[in-house]
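The next block holds one structure in the form of structure tokens; read it before the comments.
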Amino acid sequence: MGRLDGRVVLVTGAARGQGEQEARLFAAEGARVVLADVLDEAGRAVAEELGGKSARYVHLDVGDEAGWPAAVAVAKDAFGRLDGLVNNAGILRFNALEHTPLAEYEEVVRVNQTGTFLGMRAVAPELAAAGGGTIVNTCSYTALAGMASLTSYAASKAAVLGMTRVAALELAGRGIRVNAMCPGGIDTPMINPAPLDPGAGRAAVDELFRAHVPLGRAGRPEEVARLALFLTSDDSSYVTGQPFVVDGGWLAGLSLF
Ligand code: NAD
């Protein structure tokens, strides 16, 4: 028996990285999964690999309000219901505060923050109609601690954590739990260009994590997926409105000696 038998879960940004691993793990645990992304070729390939009984792919730009009803409809048409959402899609832009163009700030907010808002708003009635469900929002350690050159990203992720708490309060009465994951550095194309451009910066990235993370390495996307599984399954049935850090100890503090 899988931990998600009978569940139907929509995962955004599921074409690669953490979202892909969440979709794969959820399907392995018995869920039927709708993978949403803007990377259509990659997203479709993952869904096809998982098979038609377990997965569908839908093109969804999470910041586009009009796209959400169509994505929800794919879940209902294919699998009859929707009772879980992982708001995973996100983008990262590095820039010093003084050099951040407004357009870049707004682009990050549109995907990370507005996308999460639109997702929660679109699925809440469906989750309620299914008798309850779960929403997992992907924040970041930058929702809890600062990091230079990440004004727009940190702002968007702190906003997601704020929304998570409010949504948890508003939706608890309808059996919907809402939690947030705060990953540290996770080895995906977002922070590590190597998988996309072999040889580019891999050693530098490894050294950064060896030096600064107590567990001495970046996290693996599967390790975040397992937290998403916990928060989506009944294993977390008494948990809502909380941030969960998965960072190899990065936020625990300094280790000077
Ligand atoms: P990634 O870049 O590998 O994957 C992000 C996915 O989101 C991609 O498939 C991308 O196409 C998709 N996406 C981007 N914009 C989209 C949009 N407008 N609509 C739909 N899909 C869109 O990165 P990842 O590390 O897997 O990131 C997943 C989540 O984890 C993000 O929210 C990210 O901010 C967060 N996060 C990542 C790290 C890290 O170190 N990698 C750390 C903390 C938080």
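The values are calculated or read from the model by the stated rules, or taken from the named source; none is laboratory data. Everything numeric here is computed off the predicted structure, so don't read it as measured data. Here the Cβ is made from the backbone with ideal geometry for all residues, glycine too, and neighbour counts use every protein chain on show.
Structure data summary
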item	result
Number of positions in the range 208-256 that are over 12 Å from residue 134 (Cα atoms) and among the polar types (S, T, N, Q)	2
Members of the range 187-203 that are more than 10 Å from the ligand (Cβ to nearest atom) and at pLDDT 80 or above	203
Criterion (closer than 23 Å to residue 171 by Cα, away from the ligand (no atom under 15 Å from the Cβ) and either among the hydrophobic types (A, V, I, L, M, F, W, C) or more than 19 Å from the chain's Cα centre (by Cα) (or both)) met by exactly one of 50, 10, 102, 82	82
Test for residue 96: is it closer than 18 Å to residue 171 by Cβ and among the small types (Gly, Ala, Ser)	no
Every residue from the range 223-244 that is farther than 24 Å from residue 147 by Cβ and in contact with a helix residue (DSSP H, G or I) (Cβ under 6 Å, 6 or more places away or on another chain)	229, 230, 236, 240, 241
